């Protein structure tokens with residue numbers, strides 16, 4: 001049984017990957033403060049059976065319980081209690097239900113070492129990338145993971161704090177840690193801080209393997225390069241570290257290629273006889289403005305003149321109606337004054353992140369109305385959930401390595 005904590009859990013790509021490789025596991029806790037991701041995770045992985053048990057609670061009861069947590073409505077800013085009280089009760093009920101169902105510890109800043117179970121096999125942490133990204137640097141922000149920057153990417157150091165609190169309290173550290181973030185963490189601007197983090201982990205007894213992996217080598221037609229660091233609690237035992245050296249020299253995922261890679265035609269929904277796909281295409285077609293035509297000219301043409309013209313989409317981000325984006329699809333809208341293309345739909349973005357269409361349909365099935373004519377899981381929220389996630393297929397291969405190392409190296413030493 002692999003006992004897991006998903007920090008910065010988002011919509012649970014880690015859980016999805018564990019389901020895929022069919023190993024016994026338990027998600028002991030999630031750690032997520034974005035209410036949209038919290039509810040989205042629950043909608044995809046558990047559903048809301050039993051929600052009616054919360055009907056007996058008044059709005060004030062629910063707000064009182066939620067007020068103990070540090071929450072966010074956008075993944076960036078703290079949600080003030082006064083704004084919590086103004087929310088629709090249906091949102092509040094599902095939020096409280098989801099926190100309880102996923103055993104969410106909510107904000108990483110509120111988690112203490114004593115809150116972490118001592119028998120954790122794997123702690124995953126995909127801390128925010130906004131202050132590390134190339135786009136951020138273009139806008140003059142090079143703060144990255146500086147300790148004193150007080151920014152979103154600095155949440156990395158909350159993981160350090162928790163591990164040090166566990167160590168000082170003589171609590172057993174997680175056997176494995178898995179970090180995921182943008183490849184710019186290895187850039188000259190940030191490598192000093194990253195090396196400091198590696199040194200801290202080594203001081204705690206972790207052996208670290210750093211990968212730079214692209215989703216298009218793992219069966220997904222998306223050019224998305226990310227850095228992953230797998231940390232193994234070897235406790236400076238030379239025998240274990242030597243075996244790990246040999247294992248990674250023979251099983252280096254930098255050299256991995258999935259020969260059964262999906263095609264974009266498996267993911268991009270151009271069968272507009274399907275009314276659902278047609279409606280989603282229409283929703284993703286922008287108005288015909290000069291700025292939108294510039295987007296059309298500047299970006300990758302995924303589908304044009306009746307054929308797919310690219311092998312991979314570009315990196316899926318939290319928005320598609322932007323420049324640059326993941327690529328555009330030639331499309332003739334049924335409405336006037338629309339651009340001659342559409343952006344990727346949220347469904348397509350989910351598929352490009354390695355989720356199944358069934359997962360996306362679960363999100364829609366568990367959607368709910370918050371005001372007249374507006375559902376909770378808006379298109380913008382769904383796109384952000386996908387863009388903030390991790391490609392499931394890459395995690396599958398890393399998790400297979402974890403299982404092997406756990407069974408054959410750590411427990412057979």
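The values are calculated or read from the model by the stated rules, or taken from the named source; none is laboratory data. Because the structure is a prediction, the values reported are computed rather than measured. All Cβ positions, glycine included, derive from the backbone under ideal geometry; neighbour counts span all protein chains shown.
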Practice problem: For the range 355-369, state whether one or more residues are touching a strand residue (DSSP E or B) at 6+ places or on another chain (Cβ under 7 Å) and exposed (fewer than 14 other Cβ atoms within 10 Å of the Cβ). | Solution: yes
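A quick yes/no check of all residues on (1) closer than 27 Å to residue 112 by Cβ; (2) within 25 Å of the chain's Cα centre (by Cα):
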{"position": "167", "(1), (2)": "yes, no"}
{"position": "202", "(1), (2)": "yes, no"}
{"position": "208", "(1), (2)": "yes, yes"}
{"position": "222", "(1), (2)": "no, yes"}
{"position": "231", "(1), (2)": "yes, yes"}
{"position": "246", "(1), (2)": "no, no"}
{"position": "256", "(1), (2)": "no, yes"}
Exercise. Output the residues belonging to the range 199-212 that are touching a strand residue (DSSP E or B) at 6+ places or on another chain (Cβ under 6 Å) and surrounded by 15 or more Cβ atoms within 10 Å (Cβ to Cβ).
Key: 201, 205, 206, 207, 208, 209, 210, 211
Practice problem: Run residue 226 past the list (1) under 17 Å from the mean Cα position of the chain (by Cα); (2) free of Cβ contacts under 8 Å to residues at least 12 places away in the same chain and report the number of the one that doesn't hold. | Solution: (2)
Self-check item: Leading residue by the ranking (surrounded by the most Cβ atoms within 10 Å (Cβ to Cβ)) among those in the range 46-75 that are more than 25 Å from the chain's Cα centre (by Cα) and closer than 20 Å to residue 364 by Cα
Solution: 51
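Scanning for something over 30 Å from residue 259 (Cβ atoms), modelled with pLDDT of 95 or more, not assigned by TED's automatic domain parsing to the domain that holds residue 242 and not in a loop (DSSP other than H, G, I, E, B), does the range 353-360 turn up at least one residue?
Step one: of the range 353-360, the residues over 30 Å from residue 259 (Cβ atoms) are none.
Checking the range 353-360: not a single residue is over 30 Å from residue 259 (Cβ atoms), modelled with pLDDT of 95 or more, not assigned by TED's automatic domain parsing to the domain that holds residue 242 and not in a loop (DSSP other than H, G, I, E, B).
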Self-check item: Enumerated strands (runs of 3 or more DSSP E) restricted to the range 120-226, each holding at least 2 residues that are on the phi > 0 side of the Ramachandran plot and modelled with pLDDT of 95 or more
Solution: none
Quiz prompt | Index of the failed condition, residue 286 passing every other in (1) over 28 Å from residue 393 (Cα atoms); (2) surrounded by fewer than 19 Cβ atoms within 10 Å (Cβ to Cβ) | solution = (2)
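Out of 37, 7, I need the residue that is buried (at least 18 other Cβ atoms within 10 Å of the Cβ), closer than 17 Å to residue 382 by Cα and either touching a residue at least 60 places away in the same chain (Cβ under 8 Å) or not assigned by TED's automatic domain parsing to the domain that holds residue 404 (or both). Which one? Give the steps one after another, and end with the answer.
Details: 7 fails: closer than 17 Å to residue 382 by Cα.
Going through 37, 7 in turn, just one is buried (at least 18 other Cβ atoms within 10 Å of the Cβ), closer than 17 Å to residue 382 by Cα and either touching a residue at least 60 places away in the same chain (Cβ under 8 Å) or not assigned by TED's automatic domain parsing to the domain that holds residue 404 (or both): 37.
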Exercise. State the number of residues belonging to the range 363-413 that are farther than 12 Å from residue 350 by Cα, in a loop (DSSP other than H, G, I, E, B) and touching a residue at least 12 places away in the same chain (Cβ under 8 Å).
Key: 6
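Conditions tested, residue by residue: (1) modelled with pLDDT of 95 or more; (2) loosely packed, with under 11 Cβ neighbours inside 10 Å; (3) not in a helix (DSSP H, G or I).
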residue: 236; (1), (2), (3): no, no, yes
residue: 244; (1), (2), (3): yes, no, no
residue: 249; (1), (2), (3): yes, yes, no
residue: 254; (1), (2), (3): yes, no, no
residue: 257; (1), (2), (3): yes, yes, yes
residue: 265; (1), (2), (3): yes, no, no
residue: 269; (1), (2), (3): yes, no, yes
residue: 272; (1), (2), (3): yes, no, yes
residue: 276; (1), (2), (3): yes, no, no
